[in-house]
């Protein structure tokens with residue numbers, strides 16, 4: 001089994017105004033989580049606050065500079081993550097597709113080096 005990160009990339013700007021839309025997305029994400037858990041593939045997942053809540057730590061000349069705000073400015077930001085433990089990339093991509101359809105957002109699928117705890 002291999003650990004994969006499913007990154008949910010959210011566009012900057014206002015959330016969709018229809019509460020039904022977000023309620024449906026959250027329902028579908030809950031169903032995906034339950035299904036992943038039932039297969040033993042769920043590791044962790046959670047949404048993130050917006051990039052304006054970030055604090056960046058940069059090493060510089062033996063010190064660490066602390067600044068507010070995102071590491072980079074962009075049209076999209078990391079809106080949430082899910083970590084899954086599946087047999088291979090094909091399985092991770094199948095889950096990623098389902099997350100993309102549920103959220104209507106881009107999903108990046110990336111493997112971790114080694115295993116957790118290695």
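Between residue 22 and residue 64, the C-beta separation translates, for a Förster distance of 25 Å, into a calculated FRET efficiency of about 0.10.
For the residues 70, 51, 11, a GNM of the chain with alpha-carbon springs under 10 Å puts the largest fluctuation on 70.
With a/c under 1.5 counting as rounded, go ahead and sort the stretch 66-118 into rounded, prolate or oblate using the C-alpha gyration tensor (a ≥ b ≥ c being the square roots of the eigenvalues; past the cut-off, prolate if a/b is larger than b/c, else oblate). Oblate, because a/c is 1.5 or more while a/b does not exceed b/c. Across the stretch 26-103, the mean sequence separation of Cα contacts (distance under 8 Å, 6 or more residues apart), normalised by length, yields a relative contact order of 36 percent. Taking a ≥ b ≥ c as the square roots of the eigenvalues of the alpha carbon gyration tensor, the chain is oblate, as a/c is not under 1.5 and a/b does not beat b/c.
Compared with the alpha-carbon gap, the fully stretched path from residue 46 to residue 101 is longer by 18.1 nm at 0.36 nm per residue. Working ranking of peptides 39-45, 83-89, 108-114 by packing, defined as the average number of other Cβ atoms within 10 Å per residue, highest first, is 83-89, 39-45, 108-114.
Whole Å is fine, so just give me how far the alpha carbon centre of the stretch 54-93 lies from that of the stretch 1-28. Cα centroid to Cα centroid, the span is 17 Å.
Bear in mind these aren't lab numbers, they're just calculated from the coordinates by the rules spelled out. Just so it is clear, the structure is predicted and the values come from calculations on it, not from any experiment. Positions of Cβ are generated from backbone atoms using ideal geometry, with glycine treated the same way; all protein chains shown enter the neighbour counts.
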